[in-house]
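S.K.: I am attaching a structure below and will ask some questions about it afterwards.
The numbers here are math on the coordinates, done by the rules we state, and not lab data. Note that the coordinates shown come from a computational prediction; the quantities given were computed from them, not determined experimentally. Here the Cβ positions follow ideal geometry from the backbone for every residue, glycine too, while neighbour counts run over all protein chains shown.
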Amino acid sequence: MTYIPRLPSVYNLISLESVGSTNAEAKRLAAEGEETAPDGTLIWALEQTSGRGRRGRDWESPKGNLYTSLILRPDIPISEAAQLSFIAALAVYDALGNIGPTGHQVHCKWPNDVLLNDKKVAGILLESEGGAGGTPADWIILGMGLNVEWHPENTEVPATSLRFEGFPNTVEEVLEAYTRSFLSWTNRWLSDGFDPVRQNWLWRCKGKGEAIEVRLENETINAIFKDMAEDGALILDDNGTERRITAGDVYFPTNG
Ligand code: BTN
């Protein structure tokens, strides 16, 4: 690695040329305990050989894109851990706004994707351990993958990359911008709670008030995207009946 990214000092950066999955590596380190992997330990790899996505999917991870996993040990009940993935989505959103050229559309997509010009550019995978009976989790791993140089073709949800959309930035610049924004959103969350995060996510999300399709494990719902709840659940208006969705994939009628 030639250029060493300059991150805020709260992060303890571990840089790897190649790894199976930064989330798996972060879990392994986190399980060794707080001395090995304190809160703020950030695993960054140039490539992953077994990158993982949500719902057991693969995350193709060639060199050129950003792959990070942040180890967090916040003193919050596990039921609130999902809030961190919305913070990460806002951090990606702001990072793209801060480094990119103007004239691009960036949106958050429930539950935790970021879209650039209506195509997926980043995904977030949150994993945790412990937290039974309302106690804080032992650790939370916040994985984030962002397409810088490369994006997959022919995916169910269309994908893109920064380079394809005309962003000139390097992986290191994106990492620096993301970690700065993540820190600033985390500080706001610690002082003011989830509400400003939720509000800002709602202002920046795609499809609120519109018809969307939500694919669950055993059901597909076509309904109006009404709101995001206090706990991060998606609230739908299904022909006058309110439904709360906690896990699923969202599709927009026009482009998937
Ligand atoms: C998704 O949209 O399905 C989530 C994708 C998360 C991918 C990132 S890349 C860094 C970290 N390590 C992994 O194996 N996955 C996450």
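S.K.: Please tell me which of these pairs span more than 22 angstrom C-alpha to C-alpha: Lys27/Lys120; Lys120/Lys208; Lys27/Lys109? Before the final figure, lay out each step's value.
M.R.: Details: Lys27/Lys120 26 Å; Lys120/Lys208 17 Å; Lys27/Lys109 26 Å.
From the list (Lys27/Lys120; Lys120/Lys208; Lys27/Lys109), the Cα-Cα distance tops 22 Å for Lys27/Lys120; Lys27/Lys109.
S.K.: Based on the Cβ-Cβ distance from Ser79 to Glu34, what FRET efficiency comes out when R0 is 30 Å, to the nearest 0.05?
M.R.: 0.85
S.K.: For the range 96-230, take N as its residue count and report Rg(C-alpha) divided by 2.2 N^0.38 Å. The partial results should precede the final answer.
M.R.: Values: Rg = 16.5 Å, N = 135, 2.2 N^0.38 = 14.2 Å.
Computed over Cα atoms of the range 96-230, the ratio equals 1.16.
S.K.: On full extension of the chain, what length is gained from Thr241 through Glu153, given 0.36 nm per residue of separation minus the C-alpha to C-alpha distance? Intermediate values should be presented prior to the final figure.
M.R.: Details: separation 88, 0.36 × 88 = 31.68 nm, distance 3.68 nm.
Using 0.36 nm per residue and subtracting the Cα-Cα distance, I get 28.0 nm.
S.K.: State, as an integer percentage, the relative contact order of the chain based on alpha-carbon contacts under 8 Å between residues 6 or more apart.
M.R.: 17
S.K.: Can you list the equivalent-ellipsoid semi-axes of the range 1-143, largest first and in whole Å, using the square root of 5 times each Cα gyration tensor eigenvalue?
M.R.: Equivalent ellipsoid of the range 1-143: 24, 19, 15 Å, largest first.
S.K.: Could I ask something else about it? Could you tell me the largest-minus-smallest coordinate of the C-alpha atoms of the chain on each of the three principal axes, in descending order and whole angstroms?
M.R.: For the chain, the Cα spread along each principal axis is 54, 47, 33 Å.
S.K.: Another question about this same structure. For the chain, what is the calculated [θ] at 222 nm in deg cm²/dmol (nearest 500), taking -39500 (n - 2.57) for each run of four or more DSSP H residues and dividing by its residue count?
M.R.: Dividing the helical sum by the residues of the chain leaves -7500 deg cm²/dmol.
S.K.: Would you be so kind as to identify which of Thr186, Ala211, Leu236 lies farthest towards the positive end of the dipole of the range 165-256, taking Lys and Arg as +1 and Asp and Glu as -1 on Cβ and the Cα centre as origin?
M.R.: Result: Thr186, furthest along the dipole toward the positive end.
S.K.: If you don't mind, there's one more thing I want to ask. Taking neighbour Cβ counts within 10 Å as the exposure measure, how do Ser184, Ser128 sort from fewest upward? List each step's numbers first, then the result.
M.R.: Numbers: Ser184 15, Ser128 19.
Ordered from fewest to most neighbouring Cβ atoms within 10 Å, Ser184, Ser128 come out as Ser184, Ser128.
S.K.: Sticking with this one: Please rank Ile71, Ile43, Ile224, Ile4, fewest neighbouring Cβ atoms within 10 Å first, as an exposure proxy.
M.R.: Details: Ile71 24, Ile43 28, Ile224 17, Ile4 9.
Ascending number of Cβ neighbours within 10 Å: Ile4, Ile224, Ile71, Ile43.
S.K.: Mind checking which aspartates and glutamates have their C-alpha under 14 Å from Lys226, skipping anything on the same chain fewer than 8 residues away?
M.R.: Of all the aspartates and glutamates, those that pass the test against Lys226 - Cα under 14 Å, at least 8 places apart if same chain - are Glu210, Glu213, Asp237, Asp238, Glu242.
S.K.: Now for a separate question. At each listed q (0.13 Å⁻¹), what is the log10 of I(q)/I(0) that the Debye formula gives for the range 211-255 modelled as equal alpha-carbon point scatterers?
M.R.: Listed by q, the Debye log ratios stand at -0.24.
S.K.: Arranged from highest to lowest average of other beta-carbon atoms within 10 Å per residue, in what order do the peptides 106-118, 210-222, 159-171 appear?
M.R.: Result, highest mean Cβ count within 10 Å first: 106-118, 159-171, 210-222.
S.K.: Still on this structure, I have one more. From Cα coordinates alone, what are the radius of gyration and Dmax values for the range 1-74 in angstrom?
M.R.: 12.4, 35
S.K.: Starting from 0.36 nm per residue, how many nanometres of slack lie between Thr102 and Arg163 once their C-alpha separation is accounted for?
M.R.: Length gained, Thr102 through Arg163: 20.5 nm.
S.K.: Counting alpha carbon pairs within less than 8 Å and at least 6 residues apart, what relative contact order, in whole percent, applies to the range 189-239?
M.R.: 27
S.K.: Here's a follow-up. Any idea what the dipole of the chain comes to, in debye rounded to 20, about its Cα centre with Lys/Arg Cβ at +1 and Asp/Glu Cβ at -1?
M.R.: Computed charge dipole of the chain: roughly 420 debye.
S.K.: Could you check the simple spin-label distance between Leu190 and Asn12, using points 7 Å along Cα→Cβ, in nm with one decimal?
M.R.: Using points 7 Å along Cα→Cβ, the separation is 1.6 nm.
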